[in-house]
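Every read-out reported here was derived from the displayed coordinates using simple, explicitly stated rules and does not represent laboratory data. Computed from a predicted model, the values in this text were never measured in an experiment. Every residue, glycine among them, receives a Cβ derived from its backbone with ideal geometry; neighbour counts consider all protein chains shown.
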Amino acid sequence: MLKFFSEEIDFKLKFPQKTSKWIKTISKSEGYDIISLNYIFCTDEYLLEINKQYLDHDYYTDIITFDNSEEDGKIESDIYISVDRVKENAETFGFDFDIEMRRVLIHGLLHLMDYTDTTEELKVQMRAKEDECLSLF
């Protein structure tokens, strides 16, 4: 089950059905089943509070992914996305907002499928995988 929600912001994802199908296709291609995946769109301030409360980080971020899965190959997660941050990043880097939003959506999913970006080399690999996924939309 894959759902999209909004907290403290009036935001509707463009093409929600196409996006759901895309996300499910990518997870299946990587050998993962989505049991429960909730994307929650919110403001910078809302996500900052989550970052402080649960991760003890006092800074803005575009995404926080909570992996609630207890079984390999199964995805159960809540992914929080700051629409404010995605808009700012799109403007800063000269990207279309909708493409940047899809990149962030898939970034969270990739983390759930054991992709990481903790080193420069892994960041390059993650970006390449994001690009590959974006080309499938």
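See the values below:
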read-out	value
Highest-MSF residue in the chain out of PHE15, PHE95, PHE66 [GNM, Cα springs under 10 Å]	PHE15
Alpha-carbon centroids, region 14-87 and region 94-135: separation in whole Å	12 Å
For GLU7, residues with placed amide H under 5 Å, excluding near neighbours	PHE41, CYS42
Anchor LYS14: lysines whose Cα lies under 24 Å away (excluding residues fewer than 8 positions away in-chain)	LYS3, LYS24, LYS28, LYS87, LYS129
(1) 32, 15, 13; (2) 21, 18, 17; (3) 24, 16, 13, with the label sought being that of the calculated semi-axes √(5λ) of the Cα gyration tensor in Å	(2)
Highest average packing first - 42-50, 119-127, Cβ atoms within 10 Å	42-50, 119-127
